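Only one structure is covered here, and it is reproduced in the block below.
The values are calculated or read from the model by the stated rules, or taken from the named source; none is laboratory data. Worth saying up front: this structure is predicted, and the values here are computed from it rather than measured. Because the Cβ atoms are built from the backbone with ideal geometry, glycine has one as well, and the counts that use them run over all protein chains shown. These area figures cover heavy atoms from the full protein model, side chains too; ligands, DNA and RNA do not enter into them. Shrake-Rupley method; radii C 1.70, N 1.55, O 1.52, S 1.80 Å.
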Amino acid sequence: MLCLTDLFRKPSGLLLGLVSLSISSLSVAQTATENCVNINTQHELIEQYIEQAPYRQALPSKVSQFSYSPDQSYQAYLDYAQKLIAQRNPRAMMSCPLSSQSYQLLAKQQQWLGTAKVVQLLAPFELRHDNNDKAVLLIHGLTDSPYHFHDLAWHFYQQGYDVRTLLLPGHGTAPSDLVNVSYKQWQQAADYAITRTSQDYQQVYLGGFSTGGALILNHLIEAQESPAAIKGVMLWSPASQASSGVAWMAKYVSWLSTWLDKEGDVDFAKYESFPYNAGAQVHGLMKRMNKGLAKADSLPGIPLLIVASEHDQTISTAATLELLGQWQSKQTGAAKSANHLVYYGEQSSIPEELNKQVMIEFPSCTTASCSAVKDVAHTATINAPSNPHYGENGHYRNCSHYLADLPSYQQCKQGKKVVKGEKTEQNLAQYPHLQRLSYNPYYQQMLRSIDKFMQ
């Protein structure tokens, strides 16, 4: 079997040839010089990218399916995931001249040389200390990848924790791999990662963004007995209920049509094209989680921290607050007093009973760049302003909400005075070229809240 560590120490003719073959016929760009950064500047080619879909379809793979048995080591899982990405992702070996402190540590640990490749940045990873007994496990959201945790992972590592991330099935390769995936496959992978990490460490914190949060809660709700090693759960914009009232229709529409959105797929770390099945599966997961939560007589005595925005346009914040209230009401012991909410919104939008029961923080804006942001978006809570891809001066701009209007889309992508925020109706009406916020302007305050929670 091909070892990815060796692959990045010296070029692999087999994999380089495979990736070159997949992009050799493209007429939309000069692929020889294309990388994960400059592809974001080729806005005039967006229509060709959408039509020809060079990065929408996954490549054939001979990688055997991972069993997700707790007997399998986490390193065996990481090796499997990297091989899968290397073979199925059409741009796995594309140059990606971005760096993060997490990547720099990984490159040192794995002896990677030269400029980063896409596969190295979006594959699941593990940051390790010597002889450590505590860890944080992080699970990403729908259409995302472990790259979204590079910032938080580094913070947890600095606090003395080993850090593990998970790649959900159907992710990290190409959007077409979400066409037939089932949320039960995501749950199987999450169950494995939680169980394996709880066996390997004496102290474990679980962290999930959006769909990752729902998978963690569902695991804890359905588990007959949670491992004593699990000391707390951290959720960012957790998938509780879709903000759209017609999300339940996705599974029926998926029988008739494959794609809800077809985009250029220029973001190396997150799918832009979106199949109906992906929406149907996350709806099924949330329904299962909420049903289990409602039926549960009691819940594990595990403290919960939630980071949420009142203006989230992907997930219903009201449903998230209700979830926190149910979790609080069905707990016993010291955990009830340790539950914590970091809330980007007005105190008046918090249910009165929750205000009395849960420790709530309302971060204040202290910088000019923060005051210019028009509401914290669903996509923003976990990335630092310094993130080279999604940050304040990052190379990528989220403008997908303008895709039906290409002039507005290109202005959002290229304009020098673009307003950043959540894509609420009010913001879209007031700001003609709104860029959906992809970093947390309150990031440092959030880190202090997290440290307080974990201590």
With θ set to phi - 60°, apply the Karplus curve 6.51 cos²θ - 1.76 cosθ + 1.60 along the range 60-77 and write out the HN-Hα couplings as whole Hz, x wherever there is a Gly or Pro.
-> x, 9, 10, 6, 5, 4, 6, 7, 6, 7, x, 6, 7, 5, 5, 5, 4, 5
Only bridges with both residues in the chain count here: give the DSSP antiparallel percent, nearest 5.
-> 20
Collect residues whose amide H, placed 1.01 Å from N in the peptide plane, falls under 5 Å from the amide H of residue 310; neighbours closer than 5 in sequence don't count.
-> 344, 345
Extension gain (nm, one decimal) between residue 47 and residue 372, 0.36 nm per residue minus Cα-Cα = 113.9 nm
Centre separation in Å (Cα based) which lies between the range 411-455 and the range 177-220 = 27
note: the chain, Cα-Cα separations exceeding 41 Å make up a percent value of 12
³J(HN,Hα), Karplus 6.51/-1.76/1.60, whole Hz, each residue of the range 409-424, x for Gly, Pro = 4, 5, 5, 4, 6, 10, x, 8, 10, 7, 7, 10, x, 8, 7, 6
Dividing the mean separation of Cα pairs under 8 Å (6+ apart) by the residue count of the range 326-455 yields a relative contact order in percent of 26
For the range 275-286, just list the computed ³J(HN,Hα) in residue order, Karplus coefficients 6.51, -1.76 and 1.60, θ = phi - 60°, integers in Hz, with x standing in for Gly and Pro.
-> x, 4, 4, 4, x, 5, 6, 5, 5, x, 5, 5
Would you mind calculating the relative contact order of the chain from Cα pairs under 8 angstrom and at least 6 residues apart, reporting the percent as a whole number?
-> 13
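Residues of the range 251-390: accessible area per residue at 1.4 Å, in Å²? Could the numbers behind the result be given before it?
Values: 5910 Å² over 140 residues.
So the range 251-390 comes to 42 Å² accessible per residue, rounded to a whole number.
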Compute the accessible area per residue over the range 165-206, keeping the other protein chains in place, probe 1.4 Å, unit Å².
-> 30
What residues have an amide H closer than 5 Å to that of residue 435, excluding those fewer than 5 places away on the same chain, when H is modeled at 1.01 Å from N in the peptide plane?
-> 419, 420, 421
Cross-link partners among aspartates and glutamates for residue 374, C-alpha distance below 20 Å, same-chain residues fewer than 8 apart left out?
-> 310, 312, 346, 361, 392, 422, 425
The set of residues whose placed amide H lies less than 5 Å from the amide H of residue 173, leaving out same-chain residues fewer than 5 positions away, is none
Any chance you could tell me what percent of the C-alpha pair distances in the range 36-166 go past 24 Å?
-> 35
Under 15 Å from the Cα of residue 262 - aspartates and glutamates, other chains or at least 8 residues apart = 47, 51, 177, 272, 405
Would you tally the net charge around residue 77, using a Cβ to Cβ cut-off of less than 13 Å, leaving residue 77 out, and scoring K and R as +1, D and E as -1?
-> -2
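Hey, which of these cross-link pairs are over 22 Å Cα-Cα: 231/270; 295/336; 117/416?
From the list (231/270; 295/336; 117/416), the Cα-Cα distance tops 22 Å for 231/270; 117/416.
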How much length is gained if the chain between residue 401 and residue 158 is pulled fully straight, taking 0.36 nm per residue apart and subtracting their Cα-Cα distance, in nm to one decimal?
-> 83.8 nm
